[in-house]
Amino acid sequence: GESVGLHLPTLSVQEGDNSIINCAYSNSASDYFIWYKQESGKGPQFIIDIRSNMDKRQGQRVTVLLNKTVKHLSLQIAATQPGDSAVYFCAATSPGTYKYIFGTGTRLKVLA
Amino acid sequence: DTAVSQTPKYLVTQMGNDKSIKCEQNLGHDTMYWYKQDSKKFLKIMFSYNNKELIINETVPNRFSPKSPDKAHLNLHINSLELGDSAVYFCASSLLAGAHTQYFGPGTRLTVL
């Protein structure tokens, strides 16, 4: 079945370093992708999105890269801060399905 | 102002009981969703309503019944609760169905004893 997976369950980075969280998806028809951040005890919070007609999109301290050839996207966080500690999810949707397939999540730990 | 709100935040109940979780969004969105997040943090879509019409109905036991009295509200009723229903349930909404950002509520942690 359709799946969205993440390469690492936990990622530990030093404060101030850059973080890269990876995600693979299986459906080549997927055309819209979102990264969410979920802090403990809260709901997922939108970070950044990208459509399949783009390869890269930048936000404030975050960049999403999309490689449709290998069905892979990544979230880069610049100058990682303690407040970035959370579980990060990627999600993908395909035309006409109305639903998102969520990845299993990567826990980002920021070390002081 | 809370965009997507859920009540209650915590729900502890006995097996076999019937319970409801309420969700409201004040974003003016047409589409609302219910997700279940298990203990491993995996998020899975359960239902979606677009302007009060059911558009997603995943493989969910028929003990779960969503109800949308208007497009700003989507409630989830669960009959005959089982131990395996214990999870965090999230409501979400999006402007329209399809490739639009979903905004999530704070979640309802359901514990079935």
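The values are calculated or read from the model by the stated rules, or taken from the named source; none is laboratory data. Keep in mind the model is a prediction, meaning the values are calculated, not measured. Because the Cβ atoms are built from the backbone with ideal geometry, glycine has one as well, and the counts that use them run over all protein chains shown. Protein only, heavy atoms only, side chains kept; ligands, DNA and RNA dropped before computing areas. Shrake-Rupley method; radii C 1.70, N 1.55, O 1.52, S 1.80 Å.
The relative contact order of region B:8-58, computed from alpha carbon pairs under 8 Å that lie at least 6 residues apart in sequence, is 23 percent. Measuring with a 1.4 angstrom probe and ignoring ligands and nucleic acids, residue A:104 comes out at about 70 Å² accessible.
Amide H contacts of residue A:86 (H built 1.01 Å from N, in plane; Pro and chain starts excluded): A:108 sit under 5 Å, all sequence-distant by 5 or more or on other chains.
Here the Karplus curve 6.51 cos²θ - 1.76 cosθ + 1.60, taken at θ = phi - 60°, turns the phi angles of region A:49-64 into couplings of 10, 8, 9, 5, 8, 10, 9, 8, 8, 10, x, 7, 6, 10, 9, 10 Hz, with x standing for Gly and Pro. Going Cα to Cα from residue A:68, which lysines come in below 29 Å? Please leave out same-chain ones fewer than 8 positions away. Once the sequence-local lysines are set aside, what remains near residue A:68 is A:37, A:56, A:99, A:109, B:36, B:40, B:41, B:44. Surface analysis of region B:4-97 yields an accessible area of 49 Å² per residue, using protein heavy atoms and a 1.4 Å probe.
Over chain A, Cα pairs under 8 Å with separation of 6+ residues give a relative contact order of 37 percent. Taking Cα centre as origin and charging only the Cβ of basic (Lys, Arg, +1) and acidic (Asp, Glu, -1) residues, the dipole magnitude of the protein assembly as shown rounds to 160 debye. Summary value for region B:4-97: 38 percent relative contact order, contacts being C-alpha pairs under 8 angstrom separated by 6+ residues. Peptide B:52-61 is shielded by partner chain Cβ atoms: per residue, an average of 1 of them sit within 10 Å of its Cβ.
Under a GNM of chain A (C-alpha, springs under 10 Å), which listed residue has the highest mean-square fluctuation: A:82, A:95, A:44? Looking only at A:82, A:95, A:44, the biggest GNM fluctuation is shown by A:95.
Using the Karplus relation 6.51 cos²θ - 1.76 cosθ + 1.60 with θ = phi - 60°, the per-residue 3J(HN,Hα) values for region B:27-39 come to 8, x, 6, 8, 10, 10, 9, 10, 10, 10, 10, 7, 5 Hz, with x marking Gly and Pro.
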